[in-house]
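Read the structure below first, then the notes.
The values are calculated or read from the model by the stated rules, or taken from the named source; none is laboratory data. Computed from a predicted model, the values in this text were never measured in an experiment. No Cβ is skipped: glycine too gets one built from the backbone with ideal geometry, and neighbour counts run over all protein chains shown. With ligands, DNA and RNA removed, areas are computed over all heavy atoms of the protein, side chains included. Shrake-Rupley method; radii C 1.70, N 1.55, O 1.52, S 1.80 Å.
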Amino acid sequence: MFDLATIEKFREKETPFYHYDLELLRETLAEVKRLEQKYDFEVHYAVKANSNARILKEISRLGFGADCVSGNEIKASLENGFDSHKILFAGVGKSDKEIRYALDTEISAFNCESIQEIQVIEQIAAARNKQAEIAIRINPNVDAKTHKYITTGLDENKFGVNQAELSNVLEVVEQCPNIQLTGLHFHIGSQITDMNVFKGLCIRVNEIQHWFFDRGVQIKHLNLGGGLGIDYANPDVCRIPDFETYFAIFSEFLDIRHDQKIHFELGRSIIAQCGNLISRALYIKNGINTNFVILDAGMTELMRPALYQSYHQIDNLTSCKPDNNYDVVGPICESSDCFGKGVKLPTTERGDLIAIRSAGAYGEVMTSKYNLRDQNPPLYIE
Ligand code: LLP
């Protein structure tokens, strides 16, 4: 919850805006760093989760790498302190312009998702007289048991190369003098809360990497992607995800060779609990079956509930009256613009401050221009 001094700061600002708790971010990063060192793993922050300059600076300060999915994410990472040699460029549809930019800025490696992409990188690298290191993103057909829109590792998903295509991939790589295949990349989905899923992933990765070893291909790094979920239902209790159990699973179940580096691309688990969307109740209105709290924040500021029916805890920060049930909605002309139905809140009045919790990941980055609404700057609290 928020202390009174923080709520006073909220009162002074025009709503809606994102609030970031930098102290919690630093505590979270310290825990990830401790475990990264303990296991000799390498964590790349998934910039797509939150590419805010202030947040990127906090993360790069500790020497983490960056996992980028666009030329502009690479640019933002370089501008905010990440070392180009620790930047990975992933994504199923890299443009020629982005590939040129990545080669010119000497990022560490490309995570490639198709044979044609490998051929295009080869052409562009050859024309610039550069060498490109690549990892192949393989679709391991492991069910992440999460929302279908954020599941990425099943045969039906567009991501990665299917296992049946691996022989062709090797043939193509052999014909590409400007490409070095050094790694394998896997990412099966996001907001994964069943830790057994990661054990299953390790077992599949072991099988796949043996396939490469049998063919004399050295795999210098294995990248296990991101995906560790957070507890949206208990943001005040589970402030820092269980990184200990997560990393221990990979250490125990993955066949790690002595010369291999293990990479991760964590996004949500690092930043989600550190951000909240702060808004004001504009109107309270009686419906036929329910009462509505109409906020000045909507799906334009936080799209997750509309897109994935996702749950975010909602707190009224300024009322301590007896509880009531409300549908908490935004001002946008879309019925999906709803943050929660039947939400129990202290009796809410016009002007009350409302916090939508755990919104640090895939919140601010997914805001839209719809309705040309004002975008207020975030508030960072140390
Ligand atoms: N690596 C790759 C290849 C990814 O596609 C992603 C996320 C990550 C790493 C980071 O995953 P994380 O640790 O954050 O789970 N907008 C959705 C989430 C989309 C995730 C996309 N990929 C949401 O709001 O739930």
Residue within the range 338-356 that is crowded, with 18+ Cβ neighbours inside 10 Å, in a loop (DSSP other than H, G, I, E, B), of a type outside the set (Lys, Arg) and within 16 Å of the ligand (Cβ to nearest atom) present
no
Pairs under 9 Å by beta carbon, first residue within 16 Å of the ligand (Cβ to nearest atom) in the range 308-334, partner among the small types (Gly, Ala, Ser) and part of a strand (DSSP E or B), six or more apart or different chains?
TYR311/GLY340; HIS312/GLY340; GLN313/GLY340; GLN313/ALA355
It is to be established whether one or more residues within the range 116-139 are within 21 Å of GLU207 (Cα to Cα), in the same structural domain as ILE192 (by TED's automatic domain parsing) and assigned to a loop (DSSP other than H, G, I, E, B).
no
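The rows are residues; the columns are (1) small (Gly, Ala, Ser); (2) farther than 22 Å from ASP83 by Cα; (3) open to solvent by less than 40 Å² (accessible area, probe 1.4 Å).
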{"residue": "ALA109", "(1), (2), (3)": "yes, no, yes"}
{"residue": "CYS112", "(1), (2), (3)": "no, no, yes"}
{"residue": "ILE118", "(1), (2), (3)": "no, yes, yes"}
{"residue": "GLN123", "(1), (2), (3)": "no, yes, no"}
{"residue": "ALA126", "(1), (2), (3)": "yes, yes, no"}
{"residue": "GLN131", "(1), (2), (3)": "no, no, no"}
{"residue": "ARG137", "(1), (2), (3)": "no, yes, yes"}
{"residue": "ASP143", "(1), (2), (3)": "no, yes, no"}
{"residue": "LYS148", "(1), (2), (3)": "no, yes, no"}
Go through the residues of the range 288-303 one by one and say whether even a single one is more than 27 Å from VAL32 (Cβ to Cβ), within 11 Å of the ligand (Cβ to nearest atom) and in contact with a strand residue (DSSP E or B) (Cβ under 6 Å, 6 or more places away or on another chain).
no
Every residue in the range 77-115 that is more than 20 Å from HIS221 (Cα to Cα) and of a type in the set (S, T, N, Q), please.
SER77, ASN80, SER95, THR105
Within the range 43-58, the count of residues that are away from the ligand (no atom under 13 Å from the Cβ) and assigned to a helix (DSSP H, G or I) comes to 6
Out of all the residues in the range 1-42, which are among the aliphatic types (A, V, I, L, M), touching a residue at least 40 places away in the same chain (Cβ under 8 Å) and in a helix (DSSP H, G or I)?
ILE7, LEU22, LEU24, LEU25, LEU29, VAL32, LEU35
Is at least one residue of the range 232-244 under 30 Å from GLU8 (Cβ atoms), at pLDDT 95 or above and within 14 Å of the ligand (Cβ to nearest atom)?
yes
Of the numbered conditions (1) outside any loop (DSSP other than H, G, I, E, B); (2) within 12 Å of the ligand (Cβ to nearest atom); (3) open to solvent by 20 Å² or more (accessible area, probe 1.4 Å), PHE159 fails exactly one; give the number of that condition.
(1)
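Please verify whether the range 209-223 includes one or more residues that are within 28 Å of SER310 (Cα to Cα) and within 16 Å of the ligand (Cβ to nearest atom).
yes
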Specify the residue that is least open to solvent (accessible area, probe 1.4 Å); the eligible residues are those in the range 240-261 that are more than 20 Å from VAL47 (Cα to Cα), part of a loop (DSSP other than H, G, I, E, B) and touching a helix residue (DSSP H, G or I) at 6+ places or on another chain (Cβ under 8 Å).
LEU254
